[in-house]
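The values are calculated or read from the model by the stated rules, or taken from the named source; none is laboratory data. These numbers were taken from a predicted model, which means no experiment stands behind them. Here the Cβ positions follow ideal geometry from the backbone for every residue, glycine too, while neighbour counts run over all protein chains shown.
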Amino acid sequence: MSTELNLSLLVEKLTPYQISQAVGIDMELAQKLADEEVTLAELPYDVYDKLEELNNKLMN
């Protein structure tokens, strides 16, 4: 079951470091996500998909 990506949930529950390690992105990008300097639309599809998967795991 797919749910909509909730970025605020991710940054509320995880640090940028944890996000970067879980998704395989660099710390700079993870920090920009946390600081809302990068939008979800700007992310590569594979990163978005990994964030969505992580989000689903956190919601269950």
- [ ] Give the residue that is farthest from residue 45 (Cα to Cα), with candidates limited to residues of segment 16-28 that are under 11 Å from the mean Cα position of the chain (by Cα) and free of Cβ contacts under 8 Å to residues at least 12 places away in the same chain.
- [x] 18
Task: Pairs where the first residue, in segment 38-60, is over 12 Å from residue 5 (Cβ atoms) and the second is loosely packed, with under 15 Cβ neighbours inside 10 Å and modelled with pLDDT of 95 or more, C-beta under 8 Å, 6+ apart - done: none
